[in-house]
Amino acid sequence: MDNFYNLGISDEVLSNLKFLKLLKPTPVQQQAIQPGFEGKDILAIANTGTGKTAAFGIPIIERLNKNKTLSAIILTPTRELAVQVGQHLKDLIGKNIKLKCAVLIGGDSIKQQIKLIKQKPRILIGTPGRINDHVKRKTLDLKNINILVLDETDRMLDLGFVTQIQQIINILPKDKQTLLFTATMPNNIKIISSKYLVNPVKISV
């Protein structure tokens, strides 16, 4: 598959991909976009630099654009990655799709973040620590999130976020789509995936 046209992507997103000069899907995008659209859970082993942000970002944007009741949260191990993911998603959303994103990370002003949350963004991107902080302050309600992305899950666990990730998952609705991306597959990831993913599509790049 040498272009994005056969993946069922809307014209709006296709024109944004063209503008970004993203013309050929990477292997992880070829395998993840379709099941992502269909609302299936995904377990993907893919390194940074394989195009995984668009692999989960495109289906999320498409699903949220078609269904105004859906919203998503993306958990990342570091502030830098959260900012990077947030920027890439904004580029994919472009000017022709009306979707708001908010990046919630430590080190940034809580007050500014509360202002962002009040604008009702439908895509939240953040580190588990800061997301939990907002939940405890009751400035963030996660009960209506339908799509969860765990990005670079192995790094999140290495950094000791396992409890915080579980606390976040426990608040989210039982009936949701979960996309788990990891570079390696240690035992703790196997345990998490069997606990939280339902019949996932398995992808290895």
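The values are calculated or read from the model by the stated rules, or taken from the named source; none is laboratory data. Quick caveat: nothing in here was measured; it's all calculated off a predicted structure. Positions of Cβ are backbone-derived with ideal geometry, glycine not excepted, and every protein chain shown enters the neighbour counts. Accessible surface areas use protein heavy atoms only, side chains included; no ligands, DNA or RNA. Shrake-Rupley method; radii C 1.70, N 1.55, O 1.52, S 1.80 Å.
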Per-residue HN-Hα couplings for the stretch 176-182, Karplus 6.51 cos²θ - 1.76 cosθ + 1.60 at θ = phi - 60°, whole Hz, x for Gly and Pro? 8, 9, 10, 10, 10, 10, 8
What residues have an amide H closer than 5 Å to that of LEU104, excluding those fewer than 5 places away on the same chain, when H is modeled at 1.01 Å from N in the peptide plane? ILE125, GLY126, THR127
If you plug each phi of the stretch 29-43 into the Karplus form 6.51 cos²θ - 1.76 cosθ + 1.60 with θ = phi - 60°, what whole-Hz ³J(HN,Hα) values come out, in order, with x for Gly and Pro? 5, 4, 8, 9, 5, 4, x, x, 4, 6, x, 7, 6, 10, 10
Using a 10 Å cut-off on Cβ atoms, rank the peptides 61-69, 141-149, 185-193 from the highest mean neighbour count down. 141-149, 61-69, 185-193
In the stretch 166-205, what percent of the accessible surface is made up of carbon and sulfur (1.4 Å probe, ligands and nucleic acids excluded)? 52 percent
For GLN119 and ASP91, compute 0.36 nm times the residue count separating them, minus their Cα-Cα distance, and round to one decimal in nm. 8.1 nm
May I ask you to order 166-175, 13-22, 81-90, 120-129 by the average number of other C-beta atoms within 10 Å around their residues, highest value first? 120-129, 81-90, 13-22, 166-175
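Keeping all protein chains in place, calculate the accessible area per residue for the stretch 1-111 (probe 1.4 angstrom), answer in Å². Intermediate results must be reported in sequence, preceding the final value.
On the way: 5240 Å² over 111 residues.
Heavy-atom accessible area per residue stands at 47 Å².
Just the number, please: percent antiparallel of the DSSP beta bridges in the stretch 19-135, rounded to the nearest 5.
Values: 0 of 8 bridges.
Given both bridge residues lie in the stretch 19-135, the antiparallel proportion sits at roughly 0 percent.
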Nearest-0.05 FRET efficiency for SER204 and ASN144, computed from C-beta distance (R0 30 Å): 0.40
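Quick one: length gained pulling LYS100 to THR48 fully straight, 0.36 nm per residue minus the C-alpha distance?
Working: separation 52, 0.36 × 52 = 18.72 nm, distance 2.45 nm.
Length gained, LYS100 through THR48: 16.3 nm.
Can you compute the helix-only [θ] at 222 nm over the chain? Use -39500 (n - 2.57) per DSSP H run of at least 4 residues, normalise by all residues, nearest 500 deg cm²/dmol. Don't jump to the answer; show the numbers that get you there.
Details: 9 runs with 94 residues, N = 205.
Computed mean residue ellipticity for the chain: -13500 deg cm²/dmol.
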Taking amide H atoms as placed 1.01 Å from N in the peptide plane, list the residues 5 or more away in sequence, or in a different chain, whose amide H sits under 5 Å from that of VAL201. ASP41, ILE42, LEU43
Let's test this: bin the Cα-Cα distances of the stretch 88-205 at 5 Å from zero up to the farthest pair and state each bin's percent. 2, 9, 20, 22, 20, 16, 8, 3, 0
Principal axis dimensions, the chain - Cα atoms, whole angstrom, descending: 45, 39, 29
Classify the stretch 73-129 from the C-alpha gyration tensor, please: rounded if a/c falls under 1.5, else prolate or oblate depending on whether a/b exceeds b/c. oblate
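In debye, nearest 20: dipole of the chain around its Cα centre with unit charges on the Cβ of K, R (+) and D, E (-)? Intermediate values should be presented prior to the final figure.
Details: 29 positive and 16 negative charges, 164 e Å.
For the chain, the charge dipole is close to 780 debye.
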For LYS98, what is the net charge nearby, where nearby means another residue's Cβ is under 11 Å from its Cβ and Lys, Arg count +1, Asp, Glu -1? +3
So, taking all protein chains as they sit and a 1.4 Å probe, how much accessible area belongs to TYR5, in Å² rounded to tens? 140 Å²
Please compute P(r) over all alpha-carbon pairs of the stretch 6-78, binned at 5 Å starting from zero, and give each bin as a whole-number percent. 3, 14, 28, 27, 19, 9, 1
Starting at 0 and stepping by 5 Å, how many percent of the alpha carbon pairs of the stretch 143-205 end up in each bin? 4, 16, 32, 27, 15, 6, 0
What are the ³J(HN,Hα) values, in whole Hz, obtained from phi via the Karplus relation 6.51 cos²θ - 1.76 cosθ + 1.60 with θ = phi - 60°, for each residue of the stretch 167-175 in sequence order, with x given for Gly and Pro? 4, 5, 4, 5, 7, 5, x, 4, 8
List the residues whose amide H sits under 5 Å from the amide H of ARG122, counting only those 5 or more places along or on another chain, with H placed 1.01 Å from N in the peptide plane. LYS100
